[in-house]
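S.K.: First the structure, which I've put down as structure tokens, then a few questions once you've had a look.
Quick note: the coordinates plus some simple rules give every number you see, no bench work behind them. These numbers come from a predicted model, not from an experiment. Counting neighbours? That spans all protein chains shown, and the Cβs are built from the backbone with ideal geometry, glycine included.
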């Protein structure tokens, strides 16, 4: 079946044009003004913005962590993503120490296969390093895994500086890239011990144990290792202006550094932790924590000038009940926020409509850059001939508020409850299939695993 989306404004990172889009099967076959095709269904999208399907390159669905499991699995998380215009997620396959990469990948395929409404792929977490892991790395690339995750915090996932260096060197040989969670585990633990000794166990202590300089120190630490290894890296969920300065310094040295941030670091601040209501405050516990308004301003400027390349969600959702595990000890609150359904309209509302970024920049941050960086371009991330017909039809004139009552996440709440919203996701096409119509899901479990190649941004 052929379809023509007629009368809209096509948005790509490279520019915009008033053009029609012709879809045949799963692919875009033409993008041009005044297209005609006798046997095509014509859909009027006059006045609407057409974006490539958004890609969320940082989600955690069906993850066992903190003695519980995330509220959203691939079924609910995929539905939530699709409703928000995200047609592809890249989740993290996370084997435990002592488990093989192959085992972790197989497990995540079992969790996601036949249950996911958007397309999906995986980064592979490296939380162990030995000859078996090294031997497995080429096999990961053969199966479409070209990106990996490492941690400078969380003892169960840390492999130490020596092994991080070796891992970066091995990935360089294969053409892969690593994203790294940058925080200083030792000093965080020392600060937590001080808070506990003082009896300060409420959520307000959480950001005080993870202050801005510790993220900057960890970013600088990683970037010096990457400098010696002579390999590009991705700083995931960067949240502070001090960490940005370390990125600037590395780039001045000639390093290739890519940066991801998240909507909650752009829009929410650390005052949320100081609410008297435990449930309200605990709902914002994440790592790194929410920061200050000056940090937000710095991050928005970094989006506008290209310092930050992608905006992902780090969607790691827990219910209010799950968060209550830490009612008497903030360190026991599962860390993470829902956000995969809100991201597109948050960027449109508080970025584009507020004059902070352009529509083209929004497209780059949410679609083209993650597709390029993680080896899915030009199949994904662009509205062009030959690309998958993943299309978001956004009504720029709609208004409303963000509300959990309208979302599909199993978390049961949204961090953005009651905040003003500009725009609405009217339609979403996934590889040519209409999956969201008039804001409602009309198809589910249509997602496919997307094998990726070597990325290049």
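S.K.: So, in nm, how far is label residue 135 from label residue 224 when the simple model puts each one 7 Å beyond its Cα toward the Cβ?
M.R.: 3.6 nm
S.K.: State the antiparallel share, in %, of DSSP beta bridges confined to the chain, rounding to the nearest 5. Write down the numbers at each step before the final one.
M.R.: Details: 34 of 71 bridges.
Approximately 50 percent, going by the DSSP bridge assignments.
S.K.: A further question on this structure: Just how far, in whole angstrom, is the stretch 157-209 from the stretch 43-114 if you go by their alpha carbon centroids?
M.R.: Taking the Cα centre of each part, the stretch 43-114 and the stretch 157-209 sit 23 Å apart.
S.K.: Please order 121, 80, 403 by the number of other Cβ within 10 Å, starting at the fewest. Don't skip to the answer; put the middle values down first.
M.R.: Numbers: 121 25, 80 29, 403 14.
Exposure proxy ranking, most exposed first: 403, 121, 80.
S.K.: Working from Cα positions, state the angle (0 to 90°, nearest 10) between the long axis of helix 185-197 and the longest principal axis of the chain.
M.R.: Rounded to the nearest ten degrees, it is 70.
S.K.: Taking a spot 7 Å from the Cα of residue 434 along the direction of its beta carbon, which residues of the stretch 406-426 have an amide N less than 15 Å from it?
M.R.: Within reach of a label on residue 434: 426.
S.K.: Between helix 74-83 and the chain, what is the angle of the helix's C-alpha long axis to the longest principal axis, kept within 0 to 90° and rounded to the nearest 10?
M.R.: 50 degrees
S.K.: If you don't mind, another one. So how do 310-317, 372-379 stack up, highest first, on mean other-Cβ count within 10 Å? List each step's numbers first, then the result.
M.R.: Values: 310-317: 27.9, 372-379: 22.9.
With the highest mean Cβ count within 10 Å placed first, the list reads 310-317, 372-379.
S.K.: Give me the extension gain from residue 448 to residue 172: residue separation times 0.36 nm, minus the current Cα-Cα distance, reported in nm with one decimal. Provide the component values of the computation, followed by the final result.
M.R.: Working: separation 276, 0.36 × 276 = 99.36 nm, distance 2.82 nm.
My answer for the length gained is 96.5 nm.
S.K.: Right, another one. Residues in the stretch 9-37 near a label at residue 360, defined as backbone nitrogen under 17 Å from the 7 Å Cα→Cβ point?
M.R.: What the label zone holds, given the 17 Å backbone N cut-off, is 9-19.
S.K.: Report, to the nearest 10°, how far helix 160-174 tilts away from the longest principal axis of the Cα atoms in the chain, using its own Cα long axis and a range of 0 to 90°.
M.R.: Helix 160-174 sits roughly 30 degrees off the main axis of the chain.
S.K.: Same structure, new question: Under the 0.36 nm per residue contour assumption, what length would be gained going from the current alpha-carbon distance of residue 142 and residue 252 to full extension? All intermediate terms of the calculation are to be shown ahead of the outcome.
M.R.: On the way: separation 110, 0.36 × 110 = 39.60 nm, distance 3.47 nm.
Using 0.36 nm per residue and subtracting the Cα-Cα distance, I get 36.1 nm.
S.K.: Ok, one more. Want the number for residue 328 to residue 16: 0.36 nm per residue separation, take away the alpha-carbon distance, what's left? Intermediate values should be presented prior to the final figure.
M.R.: Details: separation 312, 0.36 × 312 = 112.32 nm, distance 5.23 nm.
Length gained between residue 328 and residue 16: 107.1 nm.
S.K.: I'd like the FRET efficiency for residue 64 and residue 194, computed as 1/(1 + (r/R0)^6) with the beta carbon distance as r and R0 of 41 Å, rounded to 0.05.
M.R.: On the way: r = 30 Å, r/R0 = 0.72.
Plugging the Cβ-Cβ distance into 1/(1 + (r/R0)^6) gives 0.90.
S.K.: Right, next: Tell me what the chain gives for mean residue ellipticity at 222 nm when only DSSP H runs of n ≥ 4 count, each as -39,500 (n - 2.57), the sum divided by the residue total, rounded to 500 deg cm²/dmol. Show your work: numbers first, answer last.
M.R.: Details: 15 runs with 138 residues, N = 457.
Helices in the chain give a 222 nm mean residue ellipticity of -8500 deg cm²/dmol.
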